[in-house]
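The values are calculated or read from the model by the stated rules, or taken from the named source; none is laboratory data. Not measured: the values here are computed from a predicted model. Cβ sites come from the backbone with ideal geometry, for glycine too, and all protein chains shown count toward neighbours.
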Amino acid sequence: MITPKKTTTKSKPKKTASKKKVKVKATPMVRPVRLIQDKQSSPREQKVIKLETKETVAPIEIKKTASKEKYYEAMGGRKESVARVRLYTKKATDVTEGENALIVVNGKDYREYFSDVALWEIVESPLKKLKSVNRFKVTVVVHGGGKSGQAGAIKHGIAKTLVDFDQNFRKKLKKSGYLTRDPRAKERRKYGLKKARKAPRWAKR
């Protein structure tokens, strides 16, 4: 017997209800004019407008009555110390004790700042060389190094300011070596040694 072939019928896809596209009305664009109007209405802009509308007043010239005291300035150096020295001509109001120089170091008298008498002599030496200890007033700001290095830096700075004051002082100060910065300093330690030159005890056996 011949069996009849089964015919398969393709099922058509069911039609789904199509969603209707809703048209949204576009909101009108905000023009920049509106923003400018908002800015103009802000309190910050109002302040600016008020400032612009004010009348411009010519600046008043203030005459300086107090005249600054003239001084000569120089930098001095020694080892790790740096000193800024200012040299003034001494006035009648400036009082000193005896024949001591009027030198102020970091807000203190140099004899109070340096405890050693030998350091006093180093600081005074440029003024003593020119025989003008009571002629000038010196103010110093010094930092770095120790007291010995600071005294040497002050001496170097005072000598340089004296040359700025009068070029005729140069010959005497140069001959004495006060204008030359002393280059001597502690030598660095080397590896394998205890200090710059000192070596540990050596044994042959």
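Look at the range 175-194 and say how many of its residues are of a type outside the set (Lys, Arg), in contact (Cβ under 8 Å) with a residue 40 or more places away in the chain and assigned to a loop (DSSP other than H, G, I, E, B).
The qualifying residues number 3.
Check off (1) touching a helix residue (DSSP H, G or I) at 6+ places or on another chain (Cβ under 7 Å); (2) surrounded by fewer than 17 Cβ atoms within 10 Å (Cβ to Cβ) for residue 138 and give me the number that stays unchecked.
With (1) touching a helix residue (DSSP H, G or I) at 6+ places or on another chain (Cβ under 7 Å); (2) surrounded by fewer than 17 Cβ atoms within 10 Å (Cβ to Cβ) applied to residue 138, the lone miss is (2).
Within the range 121-174, can you find the residues that are in a helix (DSSP H, G or I) and of a type in the set (Phe, Trp, Tyr)?
Once the filter is applied, which keeps residues that are in a helix (DSSP H, G or I) and of a type in the set (Phe, Trp, Tyr), the range 121-174 yields 165, 169.
Sort out which residues of the range 91-114 are in a loop (DSSP other than H, G, I, E, B) and touching a residue at least 24 places away in the same chain (Cβ under 8 Å), and write them in order of number.
91, 94, 96, 99, 100, 101, 106, 114
Please enumerate the residues belonging to the range 152-184 that are among the hydrophobic types (A, V, I, L, M, F, W, C) and in contact with a Lys or Arg (Cβ under 8 Å, 6 or more places away or on another chain).
Selection gives 153, 163, 173, 179.
For a quick check of your reading of the model, give me the residue pairs whose first member lies in the range 118-147 and is at positive phi, whose second is surrounded by 17 or more Cβ atoms within 10 Å (Cβ to Cβ) and of a type in the set (Lys, Arg), with beta-carbon atoms closer than 7 Å and at least 6 apart or on different chains.
Partner pairs satisfying both residue conditions: 145/79.
From the list 115, 148, which residue is among the hydroxyl-bearing types (Ser, Thr, Tyr), surrounded by 13 or more Cβ atoms within 10 Å (Cβ to Cβ) and under 35 Å from the mean Cα position of the chain (by Cα)?
Sole residue among the options that is among the hydroxyl-bearing types (Ser, Thr, Tyr), surrounded by 13 or more Cβ atoms within 10 Å (Cβ to Cβ) and under 35 Å from the mean Cα position of the chain (by Cα): 148.
Listed here are the residues, each with its yes/no results for (1) modelled with pLDDT under 95; (2) within 17 Å of residue 72 (Cα to Cα); (3) acidic (Asp, Glu).
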| position | (1), (2), (3) |
| --- | --- |
| 98 | yes, no, no |
| 102 | yes, yes, no |
| 108 | yes, no, no |
| 128 | yes, no, no |
| 151 | no, no, no |
| 156 | no, yes, no |
| 160 | no, yes, no |
| 176 | yes, no, no |
| 194 | no, no, no |
